[in-house]
Structure formats: structure tokens, C-alpha cells
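The values are calculated or read from the model by the stated rules, or taken from the named source; none is laboratory data. Remember, predicted model here, so these are calculated numbers, not experimental data. Here the Cβ is made from the backbone with ideal geometry for all residues, glycine too, and neighbour counts use every protein chain on show.
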């Protein structure tokens with residue numbers, strides 16, 4: 001018998017006529033991440049991965065970070081469906097398990113098989129009872145459940161299930177541009193967007209000498225961590241120094257953050273459209289800071305026509321922190337390097353900015369020329385590995 005991973009799909013089963021496209025992309029995503037470590041086949045019910053024993057744990061960790069998977073089942077493939085073969089292999093698996101109570105569940109997709117599912121479960125349960133001492137059947141709360149699936153040419157036995165991430169395979173629903181800062185919120189927003197099948201690129205605003213090289217490396221490291229759940233993330237780095245200094249020198253200080261965010265949105269929209277991204281994504285959470293009140297969001301949003309997605313808008317900070325820890329970005333996010341959003345912050349920023357005042361104040365700076373210059377001097381980085389950035393920090 002061959003050890004295999006069997007993948008149950010998440011929401012993909014709701015896609016009906018389009019499920020083939022979703023499954024092909026899920027297969028491509030797994031192949032890209034496993035780099036030929038697995039032989040993958042699939043149908044509308046399951047995806048199967050055959051791998052060498054030495055690569056088993058490595059592939060498992062990859063599958064745990066792959067969207068589109070509802071459940072990962074660790075089992076064995078039998079090359080025929082004869083009952084003698086199923087019995088022998090089931091008993092081999094049973095011998096390796098330590099349990100007191102058990103049950104057997106059978107799924108028979110081959111309806112021409114001579115026994116029905118309940119009959120198979122009852123028969124195999126009896127076989128286990130005869131061959132292992134000190135055990136009993138418990139159909140309600142067993143220590144272990146042995147699952148048997150009988151298909152047309154193969155049978156599968158498994159008892160281990162691992163919960164997957166769910167969602168849609170990354171790349172099935174287009175591409176978005178993530179406004180990635182060095183904080184806790186935006187990497188979580190990127191993760192949640194990828195869970196909905198959106199491939200992401202990222203944009204980062206640096207402001208040397210006010211922000212450091214370590215701050216940029218921190219953001220690139222965050223991009224690398226988030227990319228483990230999808231594919232490599234291209235990071236567009238924008239030098240924001242001239243724009244930020246002009247704002248600081250010429251704009252009333254209570255409006256500094258509002259005008260700065262409006263400039264960032266304008267630049268992000270241009271970069272997004274140039275790179276065929278359909279949405280902007282950010283880590284704004286309602287009411288968390290002055291620029292994230294509903295009034296502020298409306299005034300800032302007003303400068304772009306591209307949709308803006310805020311996946312953590314209704315999360316509180318503790319919920320965001322909890323998810324950041326779960327996905328592995330938290331420890332990097334709290335490294336003490338300032339980004340554009342944390343410098344030049346006024347003591348009393350406006351929380352209900354007026355659109356007319358923003359437009360009036362923006363006339364005080366040549367922002368269109370400054371935006372063109374910033375975009376012209378953009379640098380693009382395809383993220384390296386998490387380890388390479390950890391060495392820099």
C-alpha cells in the first residue's frame with residue numbers, strides 16, 4: 001500500500017460547473033510549492049498526493065499553508081478493492097495504533113461494489129475486534145475512527161485528519177495591490193485577501209533618511225512570510241520623502257495624516273492599474289487611529305476610483321494580533337523600526353476631515369509632479385526567503 005495525502009476541498013464544492021478551473025489552480029499552486037516532491041491527481045471529490053516517505057513532513061507543512069483545502073487526510077492507497085486486500089492492510093494500520101474504543105466508517109463511491117457501506121463497516125469492525133485485544137466499538141465518541149473509501153479501481157484507508165485553511169486557491173479571483181506597512185494589521189489583511197483567492201502584489205512607502213533600511217527589510221520580511229501562503233510577492237517600493245516633507249512644510253498639521261494618505265492612495269492606484277491589480281487592500285480598522293474613522297476613510301477614499309478592500313475593518317486589535325501570531329507575522333511586525341505612517345504624526349490629527357479643505361490644502365504643494373517623480377523612481381523587489389531577511393534584521 002502507498003502512503004498518500006487525500007485533500008478535501010473547501011468552498012470549491014459550491015462552484016459546480018466552474019470547479020474544474022478552481023481545482024486546476026489548486027493543483028498548480030501545490031505543484032509550485034512542492035517543486036516535484038509529489039505526484040498529484042484529482043477529481044471533483046478528492047485530490048491525491050503520492051510522495052516519498054522522506055518528504056512527507058515537508059509536504060504536509062506546505063499543505064497546511066495552502067488555501068483551498070478543507071481537510072488533509074493522511075492515509076494509504078490500495079491498488080485493488082478486494083475485501084481481502086482491505087482487511088490485510090487495515091489490520092496493519094490498526095497494529096500501529098494505541099486505542100481503546102473505535103469505529104469504522106465506509107464511503108462507497110463505486111455503487112456496483114457487492115457490499116453496501118454499512119455492511120462493509122460492520123464486517124471490518126468485526127475483523128478488528130477479532131484481531132486486537134482490549135478494545136471495543138464506540139460509534140459516538142471513539143478514540144479513533146478508521147475511514148475506508150472504495151472507488152472503482154482503488155481503495156483508501158485513513159484515520160488521521162488535519163484541518164486545512166479553507167478559502168479559495170490563490171489566483172482564482174484576480175490580483176490586488178496590498179498597501180504593506182511595517183505594522184501588525186496590513187500583513188493580516190494580505191493573508192485574509194489571499195484566502196479569498198486573490199493573488200497579491202505589495203506597495204511600500206519609504207522615506208529615507210526618516211525611515212531606515214531596517215524598516216524596509218522588515219516589510220520585505222513580512223512580504224516573504226505572507227507569501228508562504230501563496231506565491232512570491234512582488235513589492236513596489238516608493239520613495240515618499242519629497243512628498244512627505246512638502247506636506248509637513250506646507251499643510252496645517254492637523255491634516256498631515258489625511259493628506260499623506262490621500263497621496264499614498266493616488267500612487268497606489270496608478271501602480272495597481274499598471275500591474276493589472278483590480279483592487280487596493282489595506283489594514284485599516286474602523287476607529288483604530290484618526291485616519292481610520294469613517295469620515296477619514298471616506299475623504300481619503302475619494303481620490304481613487306479603484307475599489308479599496310479592508311479585510312480587518314471590523315476586527316478589534318486583539319483579534320488582529322491573535323491572527324498575526326497564528327500566521328507568523330507578529331514577531332516581525334513589532335520590531336521597532338518606524339515607517340512612513342509613524343513619522344511626522346501631529347499631536348491632534350483631525351478625525352472628521354473635510355473634503356473641501358483637503359482639496360484647498362493640496363493646492364499648496366505640486367503633488368502631481370511629485371507623484372510622477374516618485375512613480376518614475378519606483379524600485380521593484382521580488383521577495384526573498386524569510387531566512388534571508390531574518391539575516392538582515
Open item on the list: I'm trying to understand the selection: among the residues of region 111-162, which are under 21 Å from residue 48 (Cβ atoms), surrounded by fewer than 17 Cβ atoms within 10 Å (Cβ to Cβ) and either in contact with a helix residue (DSSP H, G or I) (Cβ under 9 Å, 6 or more places away or on another chain) or outside the structural domain of residue 83 (by TED's automatic domain parsing) (or both)?
Closed with: 162
- [ ] Count, please, the residues in region 119-162 that happen to be without any contact (Cβ under 8 Å) to a residue 40 or more places away in the chain and part of a strand (DSSP E or B).
- [x] 2
- [ ] Report whether or not residue 218 is modelled with pLDDT of 95 or more and on the phi < 0 side of the Ramachandran plot.
- [x] no
Task: Residues satisfying the stated conditions in region 40-65, i.e. surrounded by 14 or more Cβ atoms within 10 Å (Cβ to Cβ) and in a strand (DSSP E or B) - done: 40, 42, 47, 48, 49, 51
Task: Condition broken by residue 196, with the remaining ones in (1) within 13 Å of the chain's Cα centre (by Cα); (2) buried (at least 19 other Cβ atoms within 10 Å of the Cβ); (3) modelled with pLDDT of 95 or more satisfied - done: (2)
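Being under 15 Å from residue 261 (Cβ atoms) and free of Cβ contacts under 8 Å to residues at least 60 places away in the same chain narrows it down to one residue among 350, 308; which is it?
On inspection, the qualifying residue turns out to be 308.
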